[in-house]
Amino acid sequence: MHDVKIIDVRTILLTGPATLEPFISKVCRRRSVALIEIETNAGVTGIGETYAGYFCAELVPGIVDFFKPILLGQNVDDINALWTRMYHCEQFWCRVGLGLSVINGIEAALWDLKGRLHNKPVYELLGGLKHDSLPAYASGGPSPYPLDTLEEKLDLYLSLGFNGVKLGVGALWPRHVQKTSCDPNEAADFEAAKLEFVRRKVGPGVELMLDGHMGARHSDIWSLATAQTVMKAVEPYKLLFFEEPLHYTNPQGYAELRQTTEVPIAGGEQLTGTYEWRLFVERDCFDVGQPDASFTGGLGEVMSVAGMLAQRGRQIATHSWGAGASLLQNIHVAFACQNTLIIEVAPAFGPLHSEMMGDSFRMVDGRILPPQNPGLGIVLTQELKNRFPFVPGSGEFVSVPGKIREEELQPS
């Protein structure tokens, strides 16, 4: 493969429906996507996604073009060497954060390209298949209220074949009114009552998770005392994990919380690079780490993070809220890591998932099967590109004074 050289690196931006899930669609109507294509002189092209495209797709092409000279004329024999060159080229803004997340999309395209050239699924190149199948859960976003609406949401997820469900804390009432209490006892009573209702509805055989979303708020952020009180209240309901009960600026709080509860604590979707992850792993902040193979910094970085967690007896549950390429990147890494607990899946996903994944995504009886196609198995047609042209400003963000999300200005 030494004669196969990279001749072009380009960014593809798309905008389409966020999901076909009717409850999430009320608060998240569109998604933007940033894909990187790496073309070779052999006529083979690799494709990768950066989750940064979900938030600020407009910023991605300039960063990709910045690194393009490092890749032109190179082969994919040593992907880590190319990753290292990009990383060290701009450590001031690539050690963590946006720069590293864009490098992630480039690196994923390199792995996809290498898999296609060698006619192997990427997990085989990452160290081999570690699981015959893996459980999946429906990532449900906010908890819609009143309770009959929440029941409809649960019915939908069960009808789609999921045996695991994650719901957000608090309640999303009609017309985009999200209510989440920061009072310890009030929050604890509300979440316990919710789980009592949900557990009665789904029975003992369905895995349940709660998501605090405390890393994606500018207000109503729980204190350590509130998180501890909530954990005590939800312990009887045997959660698989409780995600993001605290903000990521509080690693010491995470460490203290883990020492005072039996509920497995999960987090990490916003962390980039092994350096930032190490700050949390060495403090034993998480029982379950949630790296994202389209955001953390690369498939190789996620493998390293999983290794750090495994050394401390911890597991991973990949974060997967990007489009179809992102989900496939996370599925391949999940199958390559021995300590994978479960895979996050956007339920009732839209065409920017289904058409990009094709038959590479297979779920049977609530479990994901390993993809069999070479590379990552991503399908990106010109017809798909034409049908979902990029709309500037379609990225996700947290509303603050002066910049308010469209769904809040015009609630459905």
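The values are calculated or read from the model by the stated rules, or taken from the named source; none is laboratory data. Since the model is a prediction, treat every value here as computed from it, not as a measurement. Cβ sites come from the backbone with ideal geometry, for glycine too, and all protein chains shown count toward neighbours. SASA here: full protein model, heavy atoms, side chains in, ligands and nucleic acids out. Shrake-Rupley method; radii C 1.70, N 1.55, O 1.52, S 1.80 Å.
Some values worked out for this structure:
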{"quantity": "Positions within the range 296-329 being within 16 Å of ASP112 (Cβ to Cβ), small (Gly, Ala, Ser) and either in a helix (DSSP H, G or I) or touching a Gly at 6+ places or on another chain (Cβ under 6 Å) (or both), in sequence order", "calculated": "GLY300, GLY324, ALA325, SER326"}
{"quantity": "Residue count for the range 140-192, restricted to those that are hydroxyl-bearing (Ser, Thr, Tyr), buried (at least 20 other Cβ atoms within 10 Å of the Cβ) and part of a helix (DSSP H, G or I)", "calculated": "1"}
{"quantity": "Positions within the range 1-28 being farther than 16 Å from TRP111 by Cα, acidic (Asp, Glu) and open to solvent by 20 Å² or more (accessible area, probe 1.4 Å), in sequence order", "calculated": "ASP3"}
{"quantity": "Qualifying positions in the range 330-360 - part of a loop (DSSP other than H, G, I, E, B), open to solvent by 10 Å² or more (accessible area, probe 1.4 Å) and either among the hydroxyl-bearing types (Ser, Thr, Tyr) or touching a Leu at 6+ places or on another chain (Cβ under 6 Å) (or both)", "calculated": "ALA348"}
{"quantity": "Condition met for TYR248 (aromatic (Phe, Trp, Tyr), surrounded by fewer than 22 Cβ atoms within 10 Å (Cβ to Cβ), closer than 26 Å to SER320 by Cα and touching a helix residue (DSSP H, G or I) at 6+ places or on another chain (Cβ under 7 Å))", "calculated": "yes"}
{"quantity": "Pick from the range 361-398, criterion polar (S, T, N, Q) and exposed (fewer than 14 other Cβ atoms within 10 Å of the Cβ), ranking: farthest from LEU134 (Cα to Cα)", "calculated": "ASN386"}
{"quantity": "Candidates LEU110, LEU59, LEU82, filtered to the one that is aliphatic (A, V, I, L, M), assigned to a helix (DSSP H, G or I) and surrounded by fewer than 21 Cβ atoms within 10 Å (Cβ to Cβ)", "calculated": "LEU59"}
{"quantity": "Members of the range 273-296 that are surrounded by 24 or more Cβ atoms within 10 Å (Cβ to Cβ) and in contact with a Pro (Cβ under 9 Å, 6 or more places away or on another chain)", "calculated": "TRP277, CYS285, PHE286"}
